[in-house]
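Below: the structure, in structure tokens.
The values are calculated or read from the model by the stated rules, or taken from the named source; none is laboratory data. Bear in mind the structure is a predicted one, so any value in this text is a computation, not a measurement. Every residue, glycine as well, gets a Cβ built from its backbone with ideal geometry; the counts of neighbours run over all protein chains shown.
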């Protein structure tokens with residue numbers, strides 16, 4: 001699963017337990033009395049069939065409406081019985097200073113820059129790229145509505161090809177100034193003027209010149225595909241385009257659930273960890 | 001008895017994975033076994049949980065598989 005750390009954010013539980021933490025050999029007290037049990041995820045990664053033709057709206061464009069999970073199973077794959085294969089993508093063409101900065105960041109630094117750790121908006125393209133939870137999309141002619149379970153965030157984009165806001169009226173926004181249009185059956189969402197705190201992926205920082213082009217298509221009833229391009233002349237040497245990511249329609253007709261970032265201890269804990277590591 | 005605090009996944013992930021409130025509540029007051037990693041920031045009795053073996057012997061995943069033992073026999 002691509003964003004492991006994001007799953008470990010929300011809850012803390014206090015129980016009277018026997019902990020086997022840092023005990024890979026199972027050498028906790030009483031270990032000799034225990035029997036082997038196979039621990040594994042509960043979701044077998046069986047891809048959904050195509051499910052039929054692409055549903056279409058009244059204007060003939062693809063209808064993306066539905067609840068979607070990342071991956072091909074139509075289910076949350078956080079607990080998949082198998083690890084997700086990494087996408088095949090070109091290296092990200094960071095400028096030398098940006099590459100040096102990224103290499104200087106510890107894993108803790110990267111986590112501390114994460115919207116999911118700080119409970120701040122993920123923004124664009126983070127709604128798709130920094131979200132391990134379910135999506136609900138509703139489309140109608142001229143409008144794309146995107147809800148995500150992760151902190152119950154939402155975004156609405158006009159898909160009628162209207163121009164961007166005039167340059168002198170732009171202000172930094174987490175989702176940016178967005179416009180969208182169709183190229184055949186692919187929806188193109190174009191975003192500029194994006195707040196520098198908006199997330200791309202895994203500690204990838206960006207400048208105020210970030211330009212994001214997202215592409216969505218629904219090749220069949222059960223599948224949605226997503227790709228994004230990053231242009232950022234202050235950070236990259238050239239534009240970079242991701243691989244296509246597969247999302248699948250909820251196999252069990254699930255709803256999004258309430259999911260809010262509360263009782264968040266992550267920032268304090270990570271800062272303590274950073275202090276501990278730097279003191280060594 | 002020493003209280004120990006475990007960081008878990010979100011409730012929506014737990015529920016979708018099978019660790020629902022009734023499943024977890026069935027082990028309240030009983031001995032369970034949690035596998036995870038101890039905090040590295042110096043705090044005692046604080047962990048990030050990966051799996052829990054409940055009182056009935058069933059195993060539920062709770063968080064990151066930091067050891068990479070997913071799908072292997074890890075309990076004894």
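Going by the conditions given, is residue A:151 assigned to a helix (DSSP H, G or I) and within 14 Å of another protein chain (Cβ to nearest Cβ)? Talk me through it step by step, then tell me what you get.
On the way: assigned to a helix (DSSP H, G or I): yes; within 14 Å of another protein chain (Cβ to nearest Cβ): yes.
Taking the combined requirement at face value, the residue satisfies it.
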Every residue in region A:38-69 that is at pLDDT 90 or above and either within 14 Å of chain B (Cβ to nearest Cβ) or outside any loop (DSSP other than H, G, I, E, B) (or both), please. A:56, A:62, A:66, A:67, A:68, A:69
Being within 26 Å of residue A:275 (Cβ to Cβ) and without any contact (Cβ under 8 Å) to a residue 60 or more places away in the chain is the filter here, so list the residues in region A:103-132 that pass it. A:103, A:104, A:107
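Every residue, every condition in (1) more than 18 Å from the chain's Cα centre (by Cα); (2) under 19 Å from residue A:218 (Cα atoms); (3) free of Cβ contacts under 8 Å to residues at least 24 places away in the same chain; (4) surrounded by fewer than 15 Cβ atoms within 10 Å (Cβ to Cβ), yes or no:
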site: A:140; (1), (2), (3), (4): yes, yes, no, yes
site: A:149; (1), (2), (3), (4): no, no, no, no
site: A:167; (1), (2), (3), (4): yes, no, yes, yes
site: A:175; (1), (2), (3), (4): no, no, no, no
site: A:180; (1), (2), (3), (4): yes, yes, no, no
site: A:191; (1), (2), (3), (4): no, no, no, no
Among the residues of region B:1-38, which ones are within 7 Å of chain A (Cβ to nearest Cβ), out of contact with any helix residue (DSSP H, G or I) (no Cβ under 7 Å at 6 or more places or on another chain) and assigned to a loop (DSSP other than H, G, I, E, B)? B:1, B:3, B:18, B:31
Only one of these conditions is not met by residue A:98: (1) at pLDDT below 50; (2) under 25 Å from the mean Cα position of the chain (by Cα). Which number is it? (1)
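Within the bounds of region A:234-245, is there any residue that is over 19 Å from the mean Cα position of the chain (by Cα), part of a loop (DSSP other than H, G, I, E, B) and at pLDDT below 95? Let's see the steps before the verdict.
The first filter runs over region A:234-245 and keeps only residues over 19 Å from the mean Cα position of the chain (by Cα), leaving A:234-239.
With part of a loop (DSSP other than H, G, I, E, B) added as a condition, the list becomes A:234-235, A:237-239.
Next cut, at pLDDT below 95 only: none.
Among the residues of region A:234-245, not one is over 19 Å from the mean Cα position of the chain (by Cα), part of a loop (DSSP other than H, G, I, E, B) and at pLDDT below 95, which makes the answer no.
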